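Values in this text are rule-based calculations from the coordinates and carry no lab data. What you see is a predicted model, and the numbers here were worked out from it, not measured in a lab. Methodologically, a virtual Cβ is constructed for each residue, glycine included, from the backbone with ideal geometry; neighbour enumeration extends over all protein chains shown.
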Amino acid sequence: MISQFINPAKRKKKLLGELYDFPEGKMAIGRLDMPSEGLFLLTTDGKVSTEIRPQKYEKEYYVRVDRVITEKEVAQLKTGV
């Protein structure tokens with residue numbers, strides 16, 4: 001599933017809009033990468049999207065790993081992968 005309503009790259013995956021009959025003009029605020037899960041915000045108001053997306057608001061992420069990770073990997077997670 002692609003966390004978008006349009007598919008400019010014409011990938012062979014389903015789009016978010018195929019899950020439900022969303023209102024016209026809907027847009028996703030941000031995205032979820034694979035493999036990830038979490039809260040996904042949708043809006044029909046572009047001003048809301050523009051307000052939330054920038055670094056203006058603190059966002060908190062939790063990471064679950066399947067092994068012991070090194071200090072170098074922790075540093076990488078803190079600065080962005």
Over the chain, what is the relative contact order in whole percent, taking alpha-carbon pairs under 8 Å and six or more residues apart? 19
5 Å is the cut-off here: which amide hydrogens, built 1.01 Å from N in the peptide plane, fall below it relative to L32, excluding neighbours closer than 5 in sequence? S3
Lysine pairs within the chain, Cα separation less than 21 Å, 8 or more sequence positions apart or different chains: 8
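Note the full-extension length gain between R11 and K47 as 0.36 nm times their separation in residues minus their Cα-Cα distance, in nm to one decimal.
Details: separation 36, 0.36 × 36 = 12.96 nm, distance 2.83 nm.
Length gained between R11 and K47: 10.1 nm.
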Name the residue, out of R64, R53, R11, whose mean-square fluctuation peaks in a Gaussian network model built on the chain with Cα pairs under 10 Å. R64
Dimensionless Rg/Rh of the chain, both radii on Cα and Rh by Kirkwood, sits at 1.03
Of the options T43, L15, Q55, report the single residue whose Cα projects farthest towards the positive end of the charge dipole of the chain (beta-carbon charges: Lys, Arg +1; Asp, Glu -1). L15
Per DSSP helix of 4 or more residues, -39500 (n - 2.57); summed, then divided by the residues of the chain. What does that give at 222 nm, rounded to the nearest 500? -5500 deg cm²/dmol
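Nothing charged except the Cβ atoms of Lys and Arg (+1) and of Asp and Glu (-1): what's the magnitude of the dipole of the chain about its Cα centre? Round to the nearest 20 debye. Intermediate values should be presented prior to the final figure.
Numbers: 15 positive and 12 negative charges, 72 e Å.
Dipole about the Cα centre, nearest 20: 340 debye.
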